[in-house]
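Input: a single structure, listed below in structure tokens.
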Amino acid sequence: VQLQAFGGGSVQPGGTLRLSCAASARLSTYTMAWFRQAPGKEREFVAASRQNGGTTTYADSAKGRFTISRDNAKNTVYVEMNSLRPEDTAVYYCAAGRPALSATTYETMYHYWGQGTEVTVSS
């Protein structure tokens, strides 16, 4: 499965961005997730949409501001990010895998990764 993430850019605090991740294969059988890596920090989980009808999971930092969604017909997953903060600045990666429910947030459970798209939140 090849994944291509796009939609990153520069935005002011409080702004909105929608990232997209297009896949080369059928996504309906995969849990799809977004992770991010800020400069000097480890990669961290952001949000996931499970393959069993799309149950969603969010990091505490994303709850109430980010929304993950998927269009299985287009083999594409999205994350809409609202009320962006400077601390959301990072490279965002999409990933596909089949983790157990309890391991949804673990990056080692995802076998396919996109190349990353950079998000900068700054005034």
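The values are calculated or read from the model by the stated rules, or taken from the named source; none is laboratory data. None of the values given here were measured: they were computed from a predicted structure. Positions of Cβ are generated from backbone atoms using ideal geometry, with glycine treated the same way; all protein chains shown enter the neighbour counts. Please note that ligands, DNA and RNA were not included when accessible areas were found on the heavy atoms of the full protein model with its side chains. Shrake-Rupley method; radii C 1.70, N 1.55, O 1.52, S 1.80 Å.
Miscellaneous remarks
- In summary, the stretch 77-119 shows an alpha-carbon radius of gyration equal to 1.33 times the 2.2 N^0.38 Å reference for compact globular proteins.
- Within the accessible surface of the stretch 49-123, defined with a 1.4 Å probe on protein heavy atoms only, the carbon and sulfur portion equals 46 percent.
- ³J(HN,Hα), Karplus 6.51/-1.76/1.60, whole Hz, each residue of the stretch 85-99, x for Gly, Pro: 10, x, 6, 7, 4, 4, 8, 9, 10, 9, 8, 10, x, 10, x
- Residue among Val91, Tyr106, Thr31 farthest towards the positive dipole end of the chain, charges placed on Cβ: Thr31
- Computed accessible area, Arg98, all protein chains, 1.4 angstrom probe, square angstrom: 130 Å²
- Hz values of 3J(HN,Hα) by residue in the stretch 59-66 - Karplus curve (6.51, -1.76, 1.60), Gly and Pro given as x: 5, 4, 5, 9, 4, x, 10, 10
- The magnitude of the dipole of the chain, with charges of +1 and -1 set on the Cβ of Lys/Arg and Asp/Glu and taken from the Cα centre, is near 300 debye.
- ³J(HN,Hα), Karplus 6.51/-1.76/1.60, whole Hz, each residue of the stretch 30-41, x for Gly, Pro: 10, 6, 10, 9, 10, 10, 9, 9, 7, x, x, 10
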